[in-house]
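The values are calculated or read from the model by the stated rules, or taken from the named source; none is laboratory data. Please read these numbers as outputs of a predicted model, since none were measured by experiment. Note: ideal-geometry Cβ built from the backbone for every residue, glycine included; neighbour counts use all protein chains shown.
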Amino acid sequence: MYIMTRSEKVVRIPPADLKEDIEAVIEELTKDAYEGKFGEDKLMTVLINNVETVGPGRIVHGDGAVYQTVTYDQLAFKPRDNEIIEGVVCEVVKFGAFIRFGPIDGLLHISQVMDDRVDIDADNQRLVGKDSGRTLGIGDKVRARIVSIDINEKNPEDSKIGLTMRQTGLGKLEWIEEDQKKKAESK
């Protein structure tokens, strides 16, 4: 889920950067320090805008850098338990598929793809339903539900988000349309 918030943080300004346009330097350093990273509140900052300084900066003895408090508007992303997401299959591996939604990836384990035994077609980078013949491959758009979240604030790439598509209304978008047509025809 995306949200807009206002945040306050401290930015370190190296001595060499104090000669330049300080407002532009502070904005650039703020973006470098916080965009694309998770905070302690488990929000991933996607975009920073409207950076403003708060009061005078502090100089730390022995460092020489200025530590400046700033506030800024941020577009943030926070996945939530049981949230329904739509994403794109970005990688197929022997134990499932990775789904990119928002700025992060979630794992769709092979046991959570569909109510069918699933085989791996490694040569074609896809998962295939044994009885249904349905396939899931790179670039396919899917709807899934978040079932587990383990965010690693220090290294967002190591975050683990578990997904499932084994419910009515979830799956590859083409499967959902097919199921809706079959249901409409049977009435």
*Candidates I59, I85, filtered to the one that is over 28 Å from I110 (Cβ atoms) and either modelled with pLDDT under 95 or in contact with a Ser or Thr (Cβ under 6 Å, 6 or more places away or on another chain) (or both)*: I59
*Any residue at all in segment 166-174 that is out of contact with any helix residue (DSSP H, G or I) (no Cβ under 6 Å at 6 or more places or on another chain), in a strand (DSSP E or B) and either under 16 Å from N82 (Cβ atoms) or not assigned by TED's automatic domain parsing to the domain that holds R100 (or both)?*
no
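Any idea which of I151, I110, I99, I120 is crowded, with 16+ Cβ neighbours inside 10 Å and touching a Pro at 6+ places or on another chain (Cβ under 9 Å)? Break it down stepwise before answering.
Working: I110 fails: touching a Pro at 6+ places or on another chain (Cβ under 9 Å); I99 fails: touching a Pro at 6+ places or on another chain (Cβ under 9 Å); I120 fails: touching a Pro at 6+ places or on another chain (Cβ under 9 Å).
Exactly one residue qualifies, and that residue is I151.
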*Residue by residue through segment 102-125, note down the ones that are under 18 Å from I176 (Cβ atoms), assigned to a strand (DSSP E or B) and charged (D, E, K, R).*
none
*Determine which single condition A144 fails, assuming it passes every other condition in (1) part of a strand (DSSP E or B); (2) surrounded by fewer than 17 Cβ atoms within 10 Å (Cβ to Cβ).*
(2)
*Got a sec? Which of V10, V46, V70 is in a strand (DSSP E or B) and under 30 Å from R100 (Cα atoms)?*
V46
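Considering only residues that are in a loop (DSSP other than H, G, I, E, B) and either surrounded by 13 or more Cβ atoms within 10 Å (Cβ to Cβ) or of a type in the set (D, E) (or both), look in segment 13-35 and name the one that is modelled with the lowest pLDDT. Don't jump to the end; show me each part of the working.
Narrowing segment 13-35 to residues in a loop (DSSP other than H, G, I, E, B): 14, 20-21, 35.
Among the residues that remain, those that are also either surrounded by 13 or more Cβ atoms within 10 Å (Cβ to Cβ) or of a type in the set (D, E) (or both) are: 20-21, 35.
Values: E20: 73, D21: 85, E35: 91.
Per the criteria, the residue is E20.
Only one of E40, E52 is under 18 Å from K154 (Cβ atoms), outside any helix (DSSP H, G or I) and not assigned by TED's automatic domain parsing to the domain that holds I149. Can you tell me which? Working first, answer last.
Numbers: E52 fails: under 18 Å from K154 (Cβ atoms).
Matching residue, one of E40, E52: E40.
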_Leading residue by the ranking (modelled with the lowest pLDDT) among those in segment 36-49 that are crowded, with 17+ Cβ neighbours inside 10 Å and either among the polar types (S, T, N, Q) or more than 16 Å from I151 (Cα to Cα) (or both)_ = T45
